[in-house]
Amino acid sequence: MAASETPHPTLATYEDLGYRDVFWAARAYENACDRTALRAMLPPAGERLIEVGSGFGRLADEYKGYSEVVLLDSSRVHVEAALEALGQDPRFHVTLGDALALPFPDGYFDAAVCVRVLHHFRDPAPVIAELGRVVRDGGALVIEYANKRNLKSIARRLLGRQDWSPFELGAVEYKPLHYDHAPVSVRRSLRAAGFTVDRTRAASLFRLPRLSRRLPPGALARIEAVLQEPLGSMTPGPSVFVLARRSNRPSRPTSD
């Protein structure tokens with residue numbers, strides 16, 4: 001198994017393993033929340049699955065029911081780390097590539113996963129359109145996005161501490177090259193790409209420093225596991241997971 005040599009010009013790149021060894025090492029709660037949502041939404045088994053923006057392979061162990069798993073990321077460092085960790089498993093194919101130009105034919109995958117990627121794009125539509133291209137008719141997409149319409153941003157707006165409205169369409173850049181997205185905008189992009197939204201889950205509901213200092217990550221994650229689905233349509237959290245199904249592509253007319 002070898003990484004593709006195609007460079008990735010689009011996604012924010014990571015030049016070292018700080019994302020793995022520092023960022024995620026300190027986020028046991030968020031990691032548990034992501035896994036809870038993914039396990040609840042992703043079909044447990046299938047032939048081919050792709051994770052776009054897979055990083056160092058953080059979620060790879062969630063794909064045990066799939067015969068072939070493609071892990072695609074923009075960072076050569078993270079691709080090499082994933083190869084080192086997963087290189088002995090023939091089910092995994094780790095690829096350096098572009099989320100906007102996936103090197104696979106139309107309808108190739110039974111399922112796709114895209115977690116903590118859309119916040120790198122001001123416009124989510126091209127990424128979602130490319131995912132729609134490679135997922136087969138009836139296939140599943142589990143996609144996560146940073147939510148502009150979360151309770152914290154609503155409260156800040158009401159208190160006059162924020163100049164933008166969480167209810168406006170489009171994205172807001174909350175730090176350089178990182179974007180929160182409006183739920184309506186993401187849903188429109190999914191529909192335009194041929195997806196039908198099946199279920200929504202609210203995630204990372206307790207991403208609050210004061211709370212995380214008082215309760216252990218495991219306890220917070222167990223509470224959230226009960227709330228993710230009922231609060232999904234309200235999107236109160238900073239992160240939203242969506243399960244969408246690929247609609248049937250219109251058949252091409254044949255010449256007589």
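Computed from the coordinates by the stated procedures, all read-outs in this text should not be read as laboratory data. Fair warning: this is a prediction, and the values are worked out from it, not measured in the lab. Cβ: placed from backbone, ideal geometry, glycine included. Neighbour counts: every protein chain shown.
Using the Cβ atoms and a cut-off under 13 Å, what net charge is assigned to the surroundings of D137, where Lys and Arg are +1 and Asp and Glu are -1?
+3
Which one, W24, G138, A171, projects farthest toward the positive side of the charge dipole computed for the chain from Cβ point charges (K/R +1, D/E -1)?
In the chain, that residue is A171.
Give, in nm to one decimal, the length gained when the segment between D137 and D198 is fully stretched (0.36 nm per residue of separation minus the Cα-Cα distance).
That works out to 20.5 nm of additional length.
So how strong a dipole does segment 18-246 carry about its Cα centre when Lys and Arg Cβ are +1 and Asp and Glu Cβ are -1, to the nearest 20 debye?
Charge dipole of segment 18-246: 1100 debye, to the nearest 20.
At a threshold of 8 angstrom on Cα-Cα distance, excluding pairs fewer than six apart, so keeping six or more, what relative contact order does the chain reach in percent?
Values: 524 pairs, mean separation 53.9, N = 256.
Answer for the chain is 21 percent.
Straight-line reach from K175: which lysines fall under 27 Å, measuring Cα to Cα and dropping same-chain residues less than 8 apart?
Hits, sequence-local ones excluded: K148, K152.
Provide Rg over Rh for the chain; use the alpha carbon set for both Rg and the Kirkwood Rh (inverse mean inverse pair distance).
That ratio is 0.97, to two decimals.
If each of A40 and V226 carries a label point 7 Å out from its Cα toward its Cβ, how far apart are those two points in nm?
So the label points at A40 and V226 sit 1.3 nm apart.
Could you check the simple spin-label distance between R188 and K152, using points 7 Å along Cα→Cβ, in nm with one decimal?
Inter-label distance under the simple model: 2.6 nm.
Working out 0.36 nm times the residue gap between N248 and S233, then minus their Cα-Cα distance, what length gain in nm do you get to one decimal?
2.9 nm
Round to a whole angstrom and tell me the spacing of the C-alpha centers of segment 147-204 and segment 110-144.
17 Å
How big, in percent, is the set of alpha carbon pairs in segment 141-238 lying more than 18 Å apart? Intermediate values should be presented prior to the final figure.
Working: 2541 of 4753 pairs.
The calculated P(r) of segment 141-238 puts 53 percent of pairs beyond 18 Å.
Residue farthest toward the positive end of the dipole of segment 18-246, with Cβ of Lys/Arg at +1 and Asp/Glu at -1: which of P44, A203, H93?
Comparing the listed Cα positions along the dipole, A203 ranks first.
Considering only the other residues whose Cβ falls under 11 Å of the Cβ of Y108, what net charge follows from Lys and Arg at +1 and Asp and Glu at -1?
-1
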